[in-house]
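The values are calculated or read from the model by the stated rules, or taken from the named source; none is laboratory data. Model, not experiment: these values are computed from the prediction. For neighbour counting, all protein chains shown are included, and Cβ atoms are generated from backbone atoms with ideal geometry for every residue, glycine included. Side chains included, ligands, DNA and RNA excluded: accessible areas come from the protein's heavy atoms. Shrake-Rupley method; radii C 1.70, N 1.55, O 1.52, S 1.80 Å.
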Amino acid sequence: MIASGKGPSYDTGETGHHRQAQVDPLAALRASDDPPWDVYLTGPVFLDIIFTGLDSAPVRGTESWARGMGSSPGGVANMATALARLGLKTSLAAAFGSDHYGEYCWDALEQGEGIDLSPSRTITGWHSPVTVSMAYEGERTMVSHGHEPPPEEAAPDCPPRARAAVASLVPGKRAPWIAQAAGEGTRVFADVGWDETGAWDLAGLADLEHCEAFLPNAAEAMRYTGASCPREAAHALTAHVPLAVVTLGAEGAYAVDRRTGETAEVPAIAVEALDPTGAGDVFVAGFVTGTLAGWPLADRLAFAGLTAALSVQEFGGSLSAPGWSEIGAWWRKVQSVEGQDPTALRRYGFLADLVPAEQARPWPLRRAVPTIGFRKSA
């Protein structure tokens, strides 16, 4: 089921103050002439402040108390962190504010996660965008504030060489770096947000022509194609992009590869969700990882769904993303559950050759904490 060749490599060491037990899912494919990065991303980084444990949505004119709170980098940092924690060499181009929020986000991504920020920059006098997210009843409500960075601080016109890039498409707007990256051989994976214009016109997603894969959710896919069901929408999207992946919420995900004629559908994993913030980004990161590693389509869907399911059991967007130790712990645990469906176990059997051994030193991932800026004790 896994691409032939040598197995994944394991690196258990220390980087700064953060120990890592890292799996390299691309070990069998690496060569001396590889691009320096596995994945390149660009976009805004927010400071996310997340409230959890709310019994209901806030009520006008009242005060609500949350039982939990966390702070973490957000925005494109969700995707970048998820990719890095899955062992991919990740490069991010983003604008950071010159405030304490910006310093915290930079440190959390570069020092905490090992993400390359050489294409990024700090803008003097520009404050970090902020999002407050309130999670309740498996949903979330968000309030954001920020300003566009100065025009001269746009993403680099010449993106670094990378195996892949993840792009967030904006209706009616082209991002020149996408065509340039694709022209250099970078495999571009695209997602998209809600079309506030209401047009839902695929022609408005002009950069889709440069993409290898498109990963909308079911509502987005049906609106863009006019299809009556998500699976029909996925097939319709392959007229515009080689690989269409449609997420189906609690039903899982469905994918169609036009190049091979292959289809795959994998059900979702039932978990108790604490905070869904960033789960879609983690899904994309898992799918990109499996694609670059050359896994079968169904394995990629299963892995993406698993990583997303593990992420919603923590709160805090980027810092909720699982690493290989968490994936390995889940795999060992589900095998010990009495009455486990053997068919479901076989669906994730490909993990057996990937996850670290139980005795491997754990990777203590950073998690979202209620505050930022504690000084280190002497």
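For the chain, averaging the sequence separation of C-alpha pairs within contact (under 8 Å, six or more residues apart) and dividing by the residue count gives a relative contact order of 19 percent. Of the residues Ala368, Tyr101, Leu237, the one whose Cα sits farthest toward the positive end of the charge dipole of the chain, with +1 on the Cβ of Lys and Arg and -1 on the Cβ of Asp and Glu, is Ala368. Counting only protein heavy atoms, what percent of the accessible surface of the chain is carbon or sulfur at a 1.4 Å probe? It is 53 percent, rounded to a whole number. Annotation: per residue accessible area for the chain equals 47 Å², rounded to a whole number [probe 1.4 Å, protein chains only]. The residues neighbouring Glu110, those whose beta-carbon lies less than 12 Å from its own, together hold a net charge of -4 under the Lys/Arg +1, Asp/Glu -1 convention.
For the pair Met142 and Gln313 in one chain, pulling the backbone fully straight at 0.36 nm per residue adds 59.7 nm over the alpha carbon distance. Hydrophobic, long helices, defined as DSSP H runs whose alpha-carbon span along the helix axis is 15 Å or greater and whose mean Kyte-Doolittle value is at least 0.0, occur in the chain at 279-292, 297-311.
Would you mind classifying the range 81-178 by shape? Square roots of the alpha carbon gyration tensor eigenvalues, ordered a ≥ b ≥ c; an a/c under 1.5 is rounded, otherwise it is prolate if a/b is larger than b/c and oblate if not. Rounded. Under the classification rounded if a/c is under 1.5, otherwise prolate if a/b is larger than b/c and oblate if not, where does the range 192-264 fall, given a ≥ b ≥ c as square roots of the Cα gyration tensor eigenvalues? Oblate. Since only Pro149, Thr225, Leu169 are under comparison, the one whose Cα sits farthest along the positive direction of the charge dipole of the range 134-248, derived from C-beta charges on Lys, Arg, Asp and Glu, is Thr225. Computed extension gain for Thr122 through Glu338, at 0.36 nm per residue and net of the alpha carbon distance, reaches 72.5 nm. Based on C-alpha pairs under 8 angstrom that are at least 6 apart in sequence, the range 34-127 has a relative contact order of 32 percent. Our summary gives the range 115-190 a relative contact order of 24 percent, counting only alpha carbon pairs under 8 angstrom and 6 or more residues apart. Mean silhouette area of the chain, derived from the convex hull of its C-alpha atoms and averaged over all directions, reads 20.9 nm². Packing-based ranking of 198-210, 66-78, 26-38, 106-118 yields 66-78, 106-118, 198-210, 26-38, ordered from highest to lowest mean Cβ neighbour count within 10 Å.
Going by a ≥ b ≥ c, the root eigenvalues of the Cα gyration tensor, does the range 50-107 fall in the rounded group (a/c under 1.5), the prolate group (a/b larger than b/c) or the oblate group? Prolate, because a/c is 1.5 or more and a/b exceeds b/c.
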